[in-house]
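Heads up: the structure comes next, in structure tokens.
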Amino acid sequence: MQDAKTIRISLLGCGTVGGGVLRLLKQNSAYLASRVGAPLVVRKVLVRDPTKERDDACERGWVTTSAEEVLSDPELDVLVEVIGGEQDAGALIERALRRGLGVVTANKLLLARRGPELLDLAVQQGTDLAFEASVGGGIPVIRTLREALTSDWVEQLHGIVNGTCNYMLTRMREDGWSFEQALREAQRLGYAEAEPSLDVDGHDAAQKLVVLAMLAFGARVREDKVPTSGIRTLDADDHRFAARLGYRIKHLAVGRDHRDKVELRVHPALVPEGDVLASVSGVLNAIRVEGRALGPCLLSGRGAGAMPTAVSVVADLVDVARARLAGVAGLATRGIQMETREILPLQEVLSSFYLRFPVQDRPGVLAGIASALGAFGISIEQMFQTNPGKGLVDIIMTTHQARWGNLENAMRTIYNYDFIAGDIRFLPILRDESAS
Ligand code: NAP
Ligand code: HSE
């Protein structure tokens, strides 16, 4: 650091999040300077297209397309990475950490793929890598796990961690929007990733779950090992059927510490209407964490968008800057400890399920389904039948708790029956007995 009384920062990226960060730094500059004990001064802002219209808070003189210009600045203290993606972001962060710079990132994809390695590098270099904005947008969930719950043992967590999916499911259920219409609006509002399949196919939530598992369970796990599914196949009828049974469909990330293994999974699930997660609507996220000593604790707030996410990025900037001024850079990052953990196979997970069978309306169909379920030890809890017409019906069931693997085997058997008229749907149900 050249001048102990100024913290010099540069941004990689000036899109939704980067624009919000610059706006917050400008709006709150005096307040932030008093919190840090020194002004936060922007040096450079890296973008791809220098001609693009930027947020008013982005001064023309800051904008550059040269990563070299940003990284070779001898006066730089902290680098803020908000370009997203793995290759460029990873290379630039690595370079900044090797120089001993503080780094703040919102990039869960990078953290899920290279987080442990980059954290190790930050520790070796005696600097900080901070990532509050990578999970839950403006919700302080990383801080809560890293600091507030450091005295406890987190046994499980589950929550809504993708704002785009939650926004889309809400619009589809409440306003009857199509999948495409809901996605377009989520993109327009700045919630979706540059590559929106990361959101709707569940990968963004899986990456966030990997980051949460690092802090909650000290688990170093591979993103590609997390069983993951998204919201593409759900239709308006599923929302209607779930409502008739007293549930709402939410896209959930679930984690549980089984000591020898960790259970991690991402999928849509039925949530009882009375459960607090059922009323978490729109872009809101909510994460329920359960500590052995603490019991349950719910964190909720805006999970995506420019300003909520900027709040988390700038809060990290304040922490990293303060630590540097106090001569304790790297202290917070050193507190994160992880070991390689195996993920519990999905087939071993216990849950109740919602089942939807599109079938021909003829004798023996129900008996066939019930007998296949029985053969795999699966007990039916509730059932009803709807009539879309043309000799076809939907049979809707919920089950008592069953092993996921048994349910998959039963579905494979039933799928081969000649009365099945389309894709079978099965979704886990969030219940207290398994908190699935
Ligand atoms: P965005 O709107 O697409 O903005 C990306 C910015 O990075 C743009 O300014 C783009 O330049 C620049 N950029 C991208 N690749 C670059 C490269 N290789 N070299 C130079 N500049 C590059 O993305 P965003 O929504 O702000 O998301 C940024 C990060 O925050 C991602 O990791 C995302 O997962 C994370 N995040 C986003 C949200 C959210 O609500 N959006 C919330 C939490 C976390 P141009 O402007 O010139 O194209
Ligand atoms: N695309 C992400 C979401 C941004 O919708 O949740 C916040 O991480």
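The values are calculated or read from the model by the stated rules, or taken from the named source; none is laboratory data. Quick caveat, the model's predicted, so the values are computed rather than measured. Reconstructed Cβ throughout: ideal geometry from the backbone, glycine too, with neighbour counts over all protein chains shown. With ligands, DNA and RNA removed, areas are computed over all heavy atoms of the protein, side chains included. Shrake-Rupley method; radii C 1.70, N 1.55, O 1.52, S 1.80 Å.
Some notes on this structure:
- If both residues of a DSSP beta bridge must be in the chain, then about 70% of such bridges are antiparallel.
- Estimated dipole of the chain in Debye, rounded to 20 [Cβ of Lys and Arg +1, of Asp and Glu -1, Cα centre]: 440 debye
- Its residue count N fixes a reference of 2.2 N^0.38 Å for region 346-435, and the Cα radius of gyration divided by that reference is 1.05.
- Residues whose amide H comes within less than 5 Å of that of LEU284, counting only those at least five positions distant or on another chain, are GLY303 (H built at 1.01 Å from N in the peptide plane).
- In order along region 9-26, the phi-based Karplus estimate (6.51 cos²θ - 1.76 cosθ + 1.60, θ = phi - 60°) of 3J(HN,Hα) comes to 10, 10, 10, 9, x, 9, x, 4, 6, x, x, x, 5, 5, 5, 5, 4, 6 Hz; Gly and Pro are listed as x.
- Ligands, DNA and RNA aside, THR65 has an accessible area near 80 Å² when probed at 1.4 Å.
- In terms of packing, defined here as the mean over residues of other Cβ atoms within 10 angstrom, the peptides 182-189, 140-147, 105-112 line up highest first as 105-112, 140-147, 182-189.
- Amide H within-cut-off set for VAL42, under 5 Å, with H built and near neighbours excluded: ILE9
- Cα shape, the chain, gyration tensor, a/c 1.5 rule: prolate
- Separation of region 200-217 from region 346-404 is 31 Å, based on Cα centroids.
- Length-normalised contact order of the chain in % [C-alpha pairs under 8 Å, at least 6 apart]: 17 percent
- Centroid-to-centroid separation of region 97-153 and region 168-189 [C-alpha atoms, Å]: 32 Å
- For ILE429, residues with placed amide H under 5 Å, excluding near neighbours: LEU270, SER352, PHE353, TYR354
- Taking a ≥ b ≥ c as the square roots of the eigenvalues of the Cα gyration tensor, an a/c ratio below 1.5 marks region 1-149 as rounded.
- Computing Rg and the Kirkwood Rh from the Cα coordinates of region 291-379 gives a ratio, Rg/Rh, of 1.27.
- Karplus-derived 3J(HN,Hα) values for region 75-81, using 6.51 cos²θ - 1.76 cosθ + 1.60 with θ = phi - 60°, are 9, 5, 10, 9, 10, 10, 9 Hz; glycine and proline are entered as x.
- In a simple Cβ point-charge model (Lys, Arg +1; Asp, Glu -1; nothing else charged), region 146-303 has a dipole of about 220 debye relative to its Cα centre.
- Surface composition of region 346-435: carbon and sulfur atoms hold 48% of the protein heavy-atom accessible area at a 1.4 Å probe.
- Charge dipole of region 346-435 (Cα centre as origin; +1 on each Lys and Arg Cβ, -1 on each Asp and Glu Cβ, all else neutral): 180 debye, rounded to the nearest 20.
- In order through region 346-355: 3J(HN,Hα) via Karplus (6.51 cos²θ - 1.76 cosθ + 1.60), integer Hz, x for Gly, Pro: 4, 4, 8, 6, 9, 6, 8, 9, 9, 10
- Our summary gives region 346-435 a relative contact order of 47 percent, counting only alpha carbon pairs under 8 angstrom and 6 or more residues apart.
- Residues SER34, SER151, sorted by accessible area with the largest first, give SER151, SER34 [1.4 Å probe; ligands and nucleic acids excluded].
- Extreme residue, positive dipole direction of the chain, given options MET307, ALA186, THR164 (C-beta unit charges): MET307
- Note on the chain: dipole from Cβ charges, positive end direction compared against PHE131, GLY364, GLY37; the farthest Cα belongs to GLY37.
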